[in-house]
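**Q** First the structure, which I've put down as structure tokens, then a few questions once you've had a look.
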Amino acid sequence: MEAILNKIRLTLPSANSFDFASGSAITKMFRSWILAGTGILVFLFMWHVAASNINTSLGQFPGPTQVWEQVGSLKADYQREKQRERDFMVRQQERNAERLAVDPDYDARIRPYTGRPTFVDQVQTSLLTVGFGFFIATIIAIPLGIICGLNSSIYSAINPLIQVFKPVSPLAWLPLVTMVVSALYVSDSEVFTKAFVTSAITVSLCSLWPTLINTTVGVTSVDKDLINVSRVIQLPAHLHVTKIVLPSAVPMIFTGMRMSLATGWMVLIAAEMLAQNPGLGKFIWDEFQNGSSDSLGRIMVAVIAIGLIGFALDKIMLLIQRKVSWDKTAVLR
Amino acid sequence: MQCYLELSNVGIEFNTNNVPFKALSNVNLKVNKGDFVSLIGHSGCGKSTILNIIAGLHQATEGGVILEGRQVDSPNPDRAVVFQNHALLPWLTVYENVELAVKQVFKGRRPASEVKGWVEHNLDLVSMTHAKDKLPHEISGGMKQRVGIARGLSMEPKVLLMDEPFGALDALTRAHLQDELMRIHSSLNNTVIMITHDVDEAVLLSDKIVMLTVGPEASIGELLEVNLERPRDRLALADDTAYIGYRNDVLRFLYGGTH
Ligand SMILES: Nc1ncnc2c1ncn2[C@@H]1O[C@H](COP(=O)(O)OP(=O)(O)O)[C@@H](O)[C@H]1O
Ligand SMILES: [Mg+2]
């Protein structure tokens with residue numbers, strides 16, 4: 001370890017001091033990569049040591065190597081399942097062709113393959129659910145936030161409700177949402193199943209608040225001078241919102257949306273576990289119930305995937321914010 | 001005789017947390033068309049408040065403002081405001097900032113095809129054409145203030161209201177912009193009301209200097225007519241006895257101890 005660090009130091013311009021402020025942009029980036037890499041290595045090492053000392057009823061706690069093995073095994077599962085699906089389709093087509101050859105009036109149909117959902121399928125389901133729930137929350141929260149920010153009477157009317165509902169864990173809503181959805185929602189759609197809608201609404205219920213509150217604050221804190229400019233030139237309401245209010249509030253709106261997406265993603269996993277709705281949460285729960293010697297490793301894969309996806313979602317939001325924001329010089333993190 | 005702009009018995013009371021505060025009382029002022037009027041007074045005496053009442057951004061609680069025979073009660077582009085810290089929209093370029101105002105003012109009055117020419121003409125007046133595609137954060141404070149002035153002028157206001165337009169600028173830039181403002185005023189002959197705390201600026205630019213007493217319940221302490229030949233040249237005036245006399249009048253009012 002010491003040897004590695006020494007080597008790193010030698011490759012840096014200011015060899016004997018970690019002076020973060022100096023250096024060109026490239027050396028700075030190089031340094032931050034090295035530091036991040038070191039952090040990960042140290043973590044992996046400590047994980048390895050800790051894991052080898054923890055024994056559970058399902059065997060030893062998985063270390064980095066076991067988890068990596070499980071990544072391979074999940075990948076193999078996925079490929080096997082895909083192959084089965086392909087075989088199934090080919091078989092159906094062959095059979096249909098045979099039947100049609102005998103009886104030209106035969107009503108040939110292709111039934112969809114209903115195999116066990118793989119890890120990749122569960123990830124896709126979760127992403128779709130969080131995306132849909134977040135989308136619903138956003139299209140409600142931003143306009144409502146703008147209205148609250150512009151009109152203090154409406155804000156006074158809505159604010160108590162926000163304050164009361166904001167701290168409610170969406171998991172408390174889950175039974176109610178499940179019952180309401182199953183009572184009111186009818187659909188044969190393969191994507192928009194009842195479970196999907198339930199999970200998505202649960203995500204919406206918790207990702208509503210940060211966006212709503214931040215939008216309201218962003219709208220109310222528009223520079224007074226700019227509002228006076230708008231009044232002097234008698235800007236009509238729609239231009240006032242699009243030219244003055246929204247651009248000013250964009251940074252706050254995005255802060256809220258990023259918080260919303262992050263909580264939405266966290267809550268979704270919990271909701272899927274609790275309600276047995278398809279997705280990563282269900283994958284974890286199933287593995288836990290399954291209780292094989294591989295289970296903990298597989299759960300750990302899911303945990304890391306959840307973290308990486310959450311991180312990626314936030315980065316995507318950041319990219320969108322950079323695109324949308326007028327202030328290209330602002331430091332966004 | 002009816003004058004162009006008249007403030008009669010203007011007073012205003014603010015209510016902050018149910019504590020009434022009477023900032024102005026009995027402000028009377030008559031301004032002729034084409035006048036350049038300066039408001040001068042100590043910080044916090046109510047200069048901005050007077051300007052905002054004329055602009056219609058604040059409502060007087062007593063008395064009122066009459067412009068061309070009509071009572072003023074809400075903001076309107078015919079009373080354009082140049083704000084102390086420029087108040088440009090940071091997400092719009094120099095051109096777009098002026099354009100936003102011009103489009104509003106032209107609506108139903110002049111064809112949209114004239115917008116571009118008019119925006120460029122006004123940027124030209126303040127010598128800002130070269131930076132028309134820059135964003136406000138890419139230009140200096142003096143340049144931003146010029147764009148603010150261009151935006152004000154582009155509305156062809158009956159009265160141009162300026163709240164310490166050069167307050168935040170260094171002395172050289174300020175002198176330069178003062179000269180430019182004098183040039184524009186003499187060619188367009190608009191009515192201008194400008195707040196300043198700079199005595200030289202007030203004497204150099206104004207036809208009338210309105211001196212405010214210290215608040216609360218501030219009102220007009222003295223009114224000084226500046227009868228100096230135009231165009232005025234700051235270097236020539238430096239030794240001019242009349243100029244020095246006006247200057248001393250204002251200084252005596254501000255620092256004389258009676259107010
Ligand atoms: N919107 C407001 N609410 C309450 N008090 C105000 C408001 N605007 C100005 N005042 C008070 O009125 C007085 C005059 O303010 P202002 O006109 O800004 O002074 P200045 O001469 O420095 O421009 C100050 O004491 C200020 O605190
Ligand atoms: Mg002021």
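**Q** Here is a check on your reading of the model: is A:Val203 without any contact (Cβ under 8 Å) to a residue 24 or more places away in the chain, crowded, with 21+ Cβ neighbours inside 10 Å and assigned to a helix (DSSP H, G or I)?
**A** The answer is no for A:Val203.
**Q** Out of the residues in the stretch B:215-224 that are assigned to a loop (DSSP other than H, G, I, E, B) and within 10 Å of ligand 1 (Cβ to nearest atom), which is surrounded by the fewest Cβ atoms within 10 Å (Cβ to Cβ)?
**A** B:Pro216
Let's see how each residue does on (1) open to solvent by less than 40 Å² (accessible area, probe 1.4 Å); (2) closer than 27 Å to A:Pro251 by Cβ; (3) not acidic (Asp, Glu):
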| site | (1), (2), (3) |
| --- | --- |
| A:Ala97 | no, no, yes |
| A:Gly115 | yes, no, yes |
| A:Asp121 | no, no, no |
| A:Ala141 | yes, yes, yes |
| A:Gly145 | yes, yes, yes |
| A:Ala157 | no, yes, yes |
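**Q** Taking the conditions exactly as written (closer than 30 Å to B:Asp133 by Cα, touching a residue at least 24 places away in the same chain (Cβ under 8 Å), within 16 Å of ligand 1 (Cβ to nearest atom) and open to solvent by 20 Å² or more (accessible area, probe 1.4 Å)), does B:Asn85 satisfy them or not?
**A** Against the criterion (closer than 30 Å to B:Asp133 by Cα, touching a residue at least 24 places away in the same chain (Cβ under 8 Å), within 16 Å of ligand 1 (Cβ to nearest atom) and open to solvent by 20 Å² or more (accessible area, probe 1.4 Å)), B:Asn85 qualifies.
**Q** Could I ask something else about it? What is the number of the single condition among (1) open to solvent by 80 Å² or more (accessible area, probe 1.4 Å); (2) touching a strand residue (DSSP E or B) at 6+ places or on another chain (Cβ under 7 Å) that B:Glu138 does not meet?
**A** (2)
**Q** Restricting attention to the stretch B:1-57, which residues are within 14 Å of chain A (Cβ to nearest Cβ) and either more than 16 Å from ligand 2 (Cβ to nearest atom) or among the small types (Gly, Ala, Ser) (or both)?
**A** Residues satisfying the conditions are B:Ser48, B:Ala55, B:Gly56.
**Q** Any idea how many residues of the stretch A:249-262 are at pLDDT 95 or above and at the interface with chain B (Cβ under 10 Å from one of its Cβ atoms)?
**A** Residues in the stretch A:249-262 being at pLDDT 95 or above and at the interface with chain B (Cβ under 10 Å from one of its Cβ atoms): 0 in total.
**Q** Moving on to the next point. For the stretch B:3-28, give me the residue count where each residue is acidic (Asp, Glu) and in contact with an Asp or Glu (Cβ under 9 Å, 6 or more places away or on another chain).
**A** Qualifying residue count for the region: 1.
**Q** Looking at A:Leu274, A:Leu280, which is the one that is crowded, with 20+ Cβ neighbours inside 10 Å and touching a residue at least 24 places away in the same chain (Cβ under 8 Å)?
**A** After applying the criteria, what remains is A:Leu280.
**Q** A further question follows. Look through B:Arg174, B:Arg146 and report the one residue that is within 24 Å of B:Ala242 (Cα to Cα) and under 20 Å from the mean Cα position of the chain (by Cα).
**A** The conditions single out B:Arg174.
**Q** Can you tell me which of B:Val203, B:Val210 is away from ligand 2 (no atom under 16 Å from the Cβ), modelled with pLDDT of 95 or more and β-branched (Val, Ile, Thr)?
**A** B:Val203
**Q** From the set of residues in the stretch B:103-122 that are under 15 Å from B:Gly152 (Cβ atoms) and of a type in the set (A, V, I, L, M, F, W, C), which is nearest to the other protein chains (Cβ to nearest Cβ)?
**A** B:Val105
**Q** Within the stretch B:123-138, which residues are in contact (Cβ under 8 Å) with a residue 24 or more places away in the chain and within 14 Å of chain A (Cβ to nearest Cβ)?
**A** Across the stretch B:123-138, the qualifying residues are B:Lys134, B:Leu135, B:Pro136, B:His137.
**Q** Can you pull out the residues in the stretch B:58-72 that are within 16 Å of ligand 1 (Cβ to nearest atom), assigned to a loop (DSSP other than H, G, I, E, B) and away from chain A (no Cβ under 14 Å)?
**A** B:Ala60, B:Thr61
Quick grid of which residues meet (1) among the polar types (S, T, N, Q); (2) more than 19 Å from the chain's Cα centre (by Cα):
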| residue | (1), (2) |
| --- | --- |
| A:Leu246 | no, yes |
| A:Met252 | no, yes |
| A:Arg258 | no, no |
| A:Met273 | no, no |
| A:Lys282 | no, no |
| A:Gln289 | yes, yes |
| A:Phe311 | no, no |
| A:Asp314 | no, no |
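**Q** Okay, moving on. Can you spot a residue in the stretch B:61-81 that is crowded, with 21+ Cβ neighbours inside 10 Å and within 16 Å of ligand 2 (Cβ to nearest atom)?
**A** Yes, the conditions are met somewhere in the stretch B:61-81.
**Q** Let me ask something additional. Kindly indicate whether any position in the stretch A:226-234 is assigned to a helix (DSSP H, G or I), away from every other protein chain (no Cβ under 11 Å) and open to solvent by 20 Å² or more (accessible area, probe 1.4 Å).
**A** Checking the stretch A:226-234: not a single residue is assigned to a helix (DSSP H, G or I), away from every other protein chain (no Cβ under 11 Å) and open to solvent by 20 Å² or more (accessible area, probe 1.4 Å).
**Q** Between A:Gln79, A:Gln60, A:Gln93, which is over 25 Å from A:Ser293 (Cβ atoms), of a type in the set (S, T, N, Q) and open to solvent by 80 Å² or more (accessible area, probe 1.4 Å)?
**A** From the options A:Gln79, A:Gln60, A:Gln93, the qualifying one is A:Gln93.
**Q** Quick test for you: out of B:Leu92, B:Leu100, pick the one residue that is surrounded by 19 or more Cβ atoms within 10 Å (Cβ to Cβ) and within 14 Å of chain A (Cβ to nearest Cβ).
**A** B:Leu100
**Q** Also: Checking the condition in a helix (DSSP H, G or I), open to solvent by less than 80 Å² (accessible area, probe 1.4 Å) and assigned by TED's automatic domain parsing to the domain that holds A:Phe311, which residue from A:Val164, A:Val241 passes?
**A** Result: A:Val241 is the single residue among A:Val164, A:Val241 that is in a helix (DSSP H, G or I), open to solvent by less than 80 Å² (accessible area, probe 1.4 Å) and assigned by TED's automatic domain parsing to the domain that holds A:Phe311.
**Q** Have a look at A:Leu128, A:Leu74 and point out the one that is open to solvent by 40 Å² or more (accessible area, probe 1.4 Å) and in a helix (DSSP H, G or I).
**A** Unique residue meeting the criteria: A:Leu128.
**Q** Given the condition within 21 Å of the chain's Cα centre (by Cα), within 16 Å of ligand 2 (Cβ to nearest atom) and more than 19 Å from B:Asn190 (Cβ to Cβ), answer yes or no: does some residue in the stretch B:86-105 qualify?
**A** The answer is yes, given that some residue of the stretch B:86-105 is within 21 Å of the chain's Cα centre (by Cα), within 16 Å of ligand 2 (Cβ to nearest atom) and more than 19 Å from B:Asn190 (Cβ to Cβ).
**Q** Is the stretch B:183-197 home to any residue that is assigned to a strand (DSSP E or B), more than 16 Å from ligand 2 (Cβ to nearest atom) and either within 14 Å of chain A (Cβ to nearest Cβ) or surrounded by 15 or more Cβ atoms within 10 Å (Cβ to Cβ) (or both)?
**A** Yes, some residue in the stretch B:183-197 is assigned to a strand (DSSP E or B), more than 16 Å from ligand 2 (Cβ to nearest atom) and either within 14 Å of chain A (Cβ to nearest Cβ) or surrounded by 15 or more Cβ atoms within 10 Å (Cβ to Cβ) (or both).
The values are calculated or read from the model by the stated rules, or taken from the named source; none is laboratory data. Because the structure is predicted, anything quoted here is derived from the model rather than measured. Because the Cβ atoms are built from the backbone with ideal geometry, glycine has one as well, and the counts that use them run over all protein chains shown. Each accessible area value is taken on the protein alone, full model and side chains, heavy atoms only, with ligands, DNA and RNA left out. Shrake-Rupley method; radii C 1.70, N 1.55, O 1.52, S 1.80 Å.
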